[in-house]
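Participant: Have a look at this one before I ask anything.
Just so you know, all these numbers are worked out from the coordinates, no wet-lab data involved. Remember, it's a predicted structure, so these values are computed and weren't measured experimentally. Using ideal geometry, Cβ is built from the backbone for each residue, glycine included, and neighbour counts are taken over all protein chains shown.
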Amino acid sequence: MKEYIVNEKGERTRVILGIAEYEKLRGAAEEAKRMAEHPGISFRGPEGRRRAWVLGTGFDVWEVVVGYEEMGRERVLRESSLSQNALDAALAYYEAHPEEIDEKIEENRKPLEYWREKYPNLNIGIFEY
């Protein structure tokens with residue numbers, strides 16, 4: 001819902017937005033601000049489940065952070081398609097927004113039973129390699 005406020009000439013001077021539309025615009029503005037502050041980072045995913053990812057790669061920031069914590073810098077660079085700039089962008093974003101990224105990491109670490117209960121119609125398994 002949008003309502004325009006006009007002046008005596010009929011020119012729009014203000015707009016009143018509904019809460020849902022306002023929240024959507026506020027979220028988009030926050031993402032734009034973060035992308036400007038963190039070159040190489042963008043956002044993807046459906047509304048309400050958006051997440052930071054590293055441009056030019058298939059990796060979300062949380063995935064890069066987990067790889068870095070488990071394997072270290074040199075191994076991540078050697079064994080993945082990440083460039084030094086991409087890795088540094090992900091780590092800088094994590095440093096600025098640790099709660100957001102830690103939340104995604106914790107969600108991913110939930111046990112298999114949790115996911116099977118949450119999505120009973122999906123064939124979910126664990127890959128060992």
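Participant: Past 25 Å, Cα to Cα: identify those pairs from 24/104; 33/104; 33/118, in the order given. Let's see the in-between values first.
Facilitator: Values: 24/104 21 Å; 33/104 20 Å; 33/118 33 Å.
The pairs that break the limit, which is 25 Å between Cα atoms, are 33/118.
Participant: For the chain, what's the relative contact order in percent, using C-alpha pairs closer than 8 Å and at least 6 residues apart?
Facilitator: This gives 15 percent for the chain.
Participant: Tilt of helix 84-96 relative to the longest C-alpha principal axis of the chain, in degrees (0 to 90, nearest 10)?
Facilitator: 60
Participant: Further question on the same structure: Just to confirm the filter: which trypsin sites (Lys or Arg not before Pro) across segment 81-129 are DSSP coil and have at most 12 other Cβ within 10 angstrom of their Cβ?
Facilitator: Sites meeting the loop and neighbour criteria: 109.
Participant: Taking the Cβ of each residue in 80, 42 as the centre, tally the other Cβ atoms inside 10 Å and list the residues starting with the fewest.
Facilitator: Result, fewest neighbours first: 42, 80.
Participant: Determine the gain in length on full extension of the stretch residue 122-residue 77; use 0.36 nm per residue of separation and subtract their C-alpha separation, reporting nm with one decimal.
Facilitator: Separation in residues times 0.36 nm, less the Cα-Cα distance, equals 12.9 nm.
Participant: A further question follows. Longest exposed-loop-site-free stretch of the chain, with GluC sites (Glu not before Pro), DSSP loop and at most 13 other Cβ within 10 Å? Don't skip to the answer; put the middle values down first.
Facilitator: Details: sites that count: 8, 11, 47, 128.
Counting at most 13 other Cβ atoms within 10 Å as exposed, the longest clean stretch of the chain is 48-127.
Participant: Cα-based Rg of segment 34-90 per 2.2 N^0.38 Å, rounded to two decimals?
Facilitator: Relative to the 2.2 N^0.38 Å estimate, segment 34-90 comes out at 1.11.
Participant: Assigning unit charges at the beta carbon (Lys, Arg +1; Asp, Glu -1) and nothing else, what dipole magnitude in debye, to the nearest 20, does the chain show about its Cα centre?
Facilitator: Charge dipole, the chain, about its Cα centre: 500 debye, nearest 20.
Participant: Hey, another quick one. Over the Cα atoms, compute the radius of gyration (one decimal) and Dmax (the largest Cα-Cα distance, rounded to a whole number) for the chain, in Å.
Facilitator: Gyration radius and largest Cα-Cα distance of the chain: 20.0, 70 Å.
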